[in-house]
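The block underneath contains the structure these notes are about, expressed in structure tokens.
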Amino acid sequence: MVRYPLYQLGNPQLRIFRPSWFLTLVRPGKEQPPDTVQFRIPMEMTKCDIKNYLEKIYSVPVGAVRTRIQFGSNKKRNHLNQKVKQPDYKVAYVQLAQGQTFTFPDIFPEKDQTSTEGSMEEMQEKFMEDEKQRQKPDPRRGGVTEWFGL
Amino acid sequence: MAARTRLPLLFPKKLPPLRNQRFAHAEAALKEPAYPSVVASLTAKSKSARLRQVEEQVKKICDSPVEEKLSLITRIQRKKFVVYPQTFARNADRWYQHFTKTAYIPGLPEKFTPGPERKTEGEESSPPAAAHTTVPGVDRDAFADIRSLVSRVILQEHWHLKKRKAFLYREQEQMVGPFLRCLVTGLSHSLAQYNPLLRLSSLDIAPRVNFYWRRGQRIIPKGHRRGRLEPTRFQIDDQPQCQIRITQQLQQFAPLEASYAEEVPEVTYAPNLMPLFKRQYDNHIFTGAKLPDPACYGHTQFHLVPDRYHRDRMARKQQSDQVEVFLRANALASLFAWTGAQAMYQGFWNHEDLTRPFASQAVITDGEFFSFFCYQLNTVALSVETDGDNPRKNLLWGTESLRLYESVQDGAVVGLNDDVVKLLVQFLLNQP
């Protein structure tokens, strides 16, 4: 953790080349307005740091940044009854400028079941379908179970 | 059939009295109900009992005088969103339009638009003033007097008075605040001869304006009241630079029905994402003076843009597009609060909607740039119970920022914009 000297009038402006900070774009847990992007950021970063980072490295026009620190729970206990701490992390909500919007993409889309011919999956699916047909009760009994009967 | 019309064998000599006939000379006897009407209980632990309690409360508020109405509506303190008219939030005007059910119309209403049609109309109908100039009702010499007054005020504050360099973020307060106050007092004094209302008006310096209302609802996510519906409450606490209150109400800018066609932007997200924060304290509804004051209707408000939202600072942060957004949001929130409070003072509230629209005006300035806004309040019924089939919307007209003067050089004002002065005069001369 580098400790920079406190800024006083006349000091050279702090410039960071090749920062060792990395942002993580996450899907918001609660619904956010369309111009808001949610990031998980290292604890040492500030609002100004995020603004400069996004504008200079990724040339993303940033309007406003708000941050908060999420406390990681210390409640769970392991098999030795010791408390296990989940790490704390900082979350940044970035509002984009110039009317831009962003929606988090769907990373795990639902696949339509079209398996290729002669493959294991198709045989397995056919087998599962036959099993389900066999398990279904006789439609001629009109919903009455086998319990009533001979 | 002939057989059916034969009278019975034993025809009674005395017919029983015909009960359904009403004699013309007798009064209709009031039928007292024999049993009390069947309504839901008042004290049971049921949904219908809660509905009946709400009904009783609404009836109680409707039947009480205005002072009691206000105190009953603002009695209970609960967590509410505090809406600041001058806010740093981005796209605040869209959010505020949704909270207050207001439609924004760029430009000013027909009263103030200086098109060529108005001039021809004025010439045909021979206006009362002798010489028809740019402003109807004010002749050329008077307009020249007003121009010289404005330039005198500008010179006084920016040239003759030697002011120290202001401390951090106090520049607007020190340089432009006194200028605006002098301008308003001077203009209202000189235009009082043309507008008789201004003689009986009340000019407030730095008054407080508060308004409290409910709009929308949400399901409480956690706590002992989890799963229940809760209305979202809002409070505006505003302090304009100065305002003019008059004894009569201003005429409406557009008929009520014209607002049905306008569109209000719908925002489906919770207000706290704006960002907007909740607090709990006394609910206030205040126009700038207490209830018994005769000058209970509003005329014009004047707002100052603070240093934090000055256009130079926004330009340094590359957020010049937010300047207009800020002005619109400021005008919207301030005027909605003022007109809403005026309506509450007349006894209209959520369940008793307005019978006539309330209109007010505002001028927002940062010393050089002036923006003019007109607001018409058509409905105050914004909560969930009353908003379901309410087609009325509130209307806000507004201009872009216009420069008043270019600069002050060598004891003279350079580039004084006549249109802005004309609009100011028109605003102050507005009368019912």
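Derivation of every value follows stated rules applied to the coordinates shown; laboratory data play no part. Quick caveat, the model's predicted, so the values are computed rather than measured. Because the Cβ atoms are built from the backbone with ideal geometry, glycine has one as well, and the counts that use them run over all protein chains shown.
Rounded to two decimals, what is the ratio between the C-alpha radius of gyration of the range B:218-290 and 2.2 N^0.38 Å?
Values: Rg = 18.3 Å, N = 73, 2.2 N^0.38 = 11.2 Å.
Scaled against compact globular proteins, the figure is 1.63.
Kindly provide the Kirkwood hydrodynamic radius of the range A:1-46 in Å, to one decimal, from all pairs of distinct alpha carbon atoms.
One over the average 1/r among Cα pairs gives 14.0 Å for the range A:1-46.
Express the Stokes-Einstein translational diffusion coefficient of the range B:334-432 in µm² s⁻¹, to the nearest whole number, given a Kirkwood radius over alpha-carbon pairs, 10 °C and a viscosity of 1.306 mPa s.
101 µm²/s
Please give me the summed charge of the neighbours of B:Q174: other residues whose Cβ is under 9 Å from its Cβ, Lys and Arg +1, Asp and Glu -1.
Taking every other residue near B:Q174 into account, the sum is +1.
Once the dipole of chain A is set up with Lys and Arg at +1 and Asp and Glu at -1 on Cβ about the Cα centre, which of A:W147, A:A97, A:Q82 lies farthest towards its positive end?
A:Q82
Please list, in order along the range A:141-150, the HN-Hα scalar couplings obtained from phi with the Karplus expression 6.51 cos²θ - 1.76 cosθ + 1.60 (θ = phi - 60°), rounded to whole Hz, x for Gly and Pro.
Working through the residues one at a time gives 7, x, x, 7, 6, 6, 4, 7, x, 7 Hz.
For the range A:1-80, list log₁₀ I(q)/I(0) at each q in 0.14, 0.20, 0.27 Å⁻¹, using the Debye formula over Cα point scatterers of equal strength and ignoring solvent, two decimals each.
Treating every Cα as an identical point scatterer, log10 I(q)/I(0) equals -0.66, -1.08, -1.55.
Just to be sure I understand: if I project the alpha-carbon convex hull of the protein assembly as shown onto a plane and average over all orientations, what area do I get in nm²? Intermediate values should be presented prior to the final figure.
On the way: hull surface 247.5 nm².
Spelled out: convex hull of the Cα atoms, projected over all directions, averaged, 61.9 nm².
How big is D for chain B, in µm² s⁻¹ as a whole number, if Stokes-Einstein is applied with the Kirkwood radius of its Cα pairs at 10 °C and 1.306 mPa s?
For these conditions, the coefficient is 63 µm²/s.
Among B:L354, A:L25, B:L428, which residue has its Cα furthest toward the positive end of the charge dipole of the protein assembly as shown, with +1 on Lys/Arg Cβ and -1 on Asp/Glu Cβ?
Checking the options against the dipole of the protein assembly as shown, the answer is A:L25.
Work out from phi, with θ = phi - 60° and the Karplus expression 6.51 cos²θ - 1.76 cosθ + 1.60, the ³J(HN,Hα) of each residue of the range A:17-29, listed in order in whole Hz, and give x for Gly and Pro.
Each residue of the range A:17-29 in turn: 9, 6, x, 9, 9, 10, 9, 10, 7, 10, 7, x, x Hz.
Okay, helix-only estimate at 222 nm for the protein assembly as shown: each DSSP H run of n ≥ 4 adds -39500 (n - 2.57), divide by all residues, round to 500 deg cm²/dmol; what do you get?
That comes out to -8000 deg cm²/dmol.
Given the pairs B:K60/B:K111; A:K30/A:K126; B:K222/B:K393; A:K56/B:K165; A:K30/A:K85, which are separated by over 30 angstrom at their Cα positions?
Cα-Cα > 30 Å for B:K60/B:K111; A:K30/A:K126; B:K222/B:K393; A:K56/B:K165; rest within.
Placing +1 at every Lys and Arg Cβ and -1 at every Asp and Glu Cβ, with all other atoms neutral, what dipole size does the range B:318-431 have around its Cα centre, in debye to the nearest 20?
That gives a dipole near 320 debye.
For the charge dipole of chain A, defined by +1 on Lys and Arg C-beta atoms and -1 on Asp and Glu C-beta atoms about the Cα centroid, which residue among A:V62, A:I41, A:N11 has the Cα displaced farthest towards the positive pole?
It is A:N11.
Determine the sum of side-chain charges near B:A412: Lys and Arg each +1, Asp and Glu each -1, restricted to other residues whose C-beta is under 12 angstrom from that of B:A412.
The answer is -1.
Report the percentage of all Cα-Cα pairs in chain A whose separation exceeds 27 Å, rounded to a whole percent.
Above the 27 Å cut-off, chain A has 58 percent of its Cα pairs.
Can you give the Rg to Rh ratio of the range B:253-374, both from alpha-carbon atoms, with Rh computed by the Kirkwood formula?
On the way: Rg = 17.0 Å, Rh = 17.1 Å.
My calculation puts Rg/Rh at 0.99.
R0 = 41 Å: FRET efficiency of A:F148 with B:A40, Cβ-based, nearest 0.05?
Efficiency, rounded to the nearest 0.05: 0.30.
Counting only Cα atoms, I'd like the Rg/Rh figure for the range B:362-411, Kirkwood definition for Rh.
Details: Rg = 18.4 Å, Rh = 13.9 Å.
Rounded to two decimals, Rg over Rh is 1.32.
Quick check for me: using +1 on Lys/Arg Cβ and -1 on Asp/Glu Cβ, what's the dipole size of chain B about its Cα centre, in debye to the nearest 20? List each step's numbers first, then the result.
Numbers: 58 positive and 45 negative charges, 601 e Å.
Roughly 2880 debye for chain B.
List the lysines whose Cα sits under 22 Å from the Cα of A:K83, skipping any in the same chain fewer than 8 residues away.
Output for A:K83: A:K75.
In the range B:210-279, what chymotrypsin sites (Phe, Trp or Tyr not before Pro) fall in a loop by DSSP, with at most 15 other Cβ atoms inside 10 Å?
Values: sites: B:F211, B:Y212, B:W213, B:F234, B:F253, B:Y260, B:Y269, B:F277; in loops: B:F253, B:Y269, B:F277.
In loop regions of the range B:210-279 (DSSP not H, G, I, E or B), the sparsely surrounded chymotrypsin sites (Phe, Trp or Tyr not before Pro) are B:Y269, B:F277.
Taking a cut-off of 18 Å between Cα atoms, list the aspartates and glutamates near B:K69, but don't count ones fewer than 8 places away on the same chain.
B:K69 reaches B:E55, B:E56, B:D282, B:D293, B:E352, B:D353.
What FRET efficiency do you get for A:V60 and B:N390 if R0 is 45 Å and r is their Cβ-Cβ distance, rounded to the nearest 0.05?
0.60
Under a 5 Å amide H to amide H cut-off, with H placed in plane at 1.01 Å, what residues pair with B:N417 once short-range neighbours are removed?
Those qualifying (amide H under 5 Å, at least 5 residues apart or on another chain) are B:Y405.
Once you place label points 7 Å from the Cα toward the Cβ at B:E110 and B:A261, how far apart are they in nm?
1.2 nm
Which of A:K47, A:K30 has the fewest other C-beta atoms within 10 Å, and how do the rest follow up to the most?
The order, fewest Cβ neighbours first, is A:K30, A:K47.
How high is the FRET efficiency from B:A192 to A:Q98, r the C-beta distance, R0 35 Å, rounded to 0.05?
So the FRET efficiency works out to roughly 0.15.
Give the angle, between 0 and 90 degrees and rounded to the nearest 10, that separates the Cα long axis of helix B:116-125 from the longest principal axis of the Cα atoms of chain B.
Once rounded, the angle reads 70 degrees.
With +1 on the Cβ of every Lys and Arg and -1 on the Cβ of every Asp and Glu, and nothing else charged, how large is the dipole of chain A about its Cα centre, in debye rounded to the nearest 20?
For this selection, approximately 1340 debye.
Hey, got a sec? Which trypsin sites (Lys or Arg not before Pro) in the range B:248-310 land in a DSSP loop and have at most 10 other Cβ atoms within 10 Å?
Within the range B:248-310, the qualifying trypsin sites (Lys or Arg not before Pro) (loop, at most 10 other Cβ atoms within 10 Å) are B:K290.
Around A:T36, what is the net charge, scoring Lys/Arg as +1 and Asp/Glu as -1 over all other residues with Cβ under 13 Å from its Cβ?
Every neighbour counted, the sum reads +2.
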